[in-house]
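Participant: Would you mind keeping the following structure in view while I ask a few things?
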Amino acid sequence: MKEVTWSEDQTMKQESGGFVYRVPLGRGYEVSILSTAYSYGGREGLYEIALVDADGEPVNIRGQVKGFEGDEVLGWLTERQVREYIKVLGDFVWHHKGLDAEQIKRQLWTEKWMGRNAWSKIIEEMHERKWQAFEDDKAELFLNSRKAGPMKKIGL
């Protein structure tokens, strides 16, 4: 396995017959890049990456970044793919203004639904239902009062 420079400010150490890199993205996040005997694809000379926090723990970005649908770790990547993902993860971290993973997840959900004007549609639908219910009640009262005679109207 060969040594690779991913970034000017990366850290690197040799481990398990390969290399472990950390590329800082800012806001306390780093991309962890592994190519060791125990990493996904490491024995084939490929790489495994994950977004990690300041403590080195993987950040749950499942379903939030393309490719990370089923896991926090993405393996069997070529050098070119790793370089692309460094950019993608950097954009992800900076786009979400350094929010923690749960806040990022909520923001993505909100952006997804706000793009469809879901909240305004929901509120509009609630108002429409209330108005329709009011109109239905009013019509029912009117019809019932016409069917009932004067004595039934006053409860006698």
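Participant: Out of the residues in the range 20-60 meeting the condition of being touching a helix residue (DSSP H, G or I) at 6+ places or on another chain (Cβ under 7 Å) and outside any strand (DSSP E or B), tell me which one is nearest to Glu8 (Cα to Cα).
Facilitator: Among them, the one singled out is Arg27.
Participant: Within the range 12-42, how many residues are farther than 14 Å from Pro58 by Cβ, of a type in the set (Ser, Thr, Tyr) and open to solvent by less than 80 Å² (accessible area, probe 1.4 Å)?
Facilitator: Within the range 12-42, residues that are farther than 14 Å from Pro58 by Cβ, of a type in the set (Ser, Thr, Tyr) and open to solvent by less than 80 Å² (accessible area, probe 1.4 Å) number 4.
Participant: Ok, one more. Among the residues of the range 58-77, write down those that are out of contact with any Pro (no Cβ under 9 Å at 6 or more places or on another chain) and either open to solvent by less than 40 Å² (accessible area, probe 1.4 Å) or at pLDDT 90 or above (or both).
Facilitator: If the condition is that a residue be out of contact with any Pro (no Cβ under 9 Å at 6 or more places or on another chain) and either open to solvent by less than 40 Å² (accessible area, probe 1.4 Å) or at pLDDT 90 or above (or both), then Pro58, Val59, Ile61, Gln64, Val65, Gly67, Phe68, Leu74, Gly75, Trp76, Leu77 are the ones that fit.
The values are calculated or read from the model by the stated rules, or taken from the named source; none is laboratory data. Everything quoted here is computed from the prediction, not taken from an experiment. Using ideal geometry, Cβ is built from the backbone for each residue, glycine included, and neighbour counts are taken over all protein chains shown. Side chains are part of the model used for accessible areas, which takes the heavy atoms of the whole protein and leaves out ligands, DNA and RNA. Shrake-Rupley method; radii C 1.70, N 1.55, O 1.52, S 1.80 Å.
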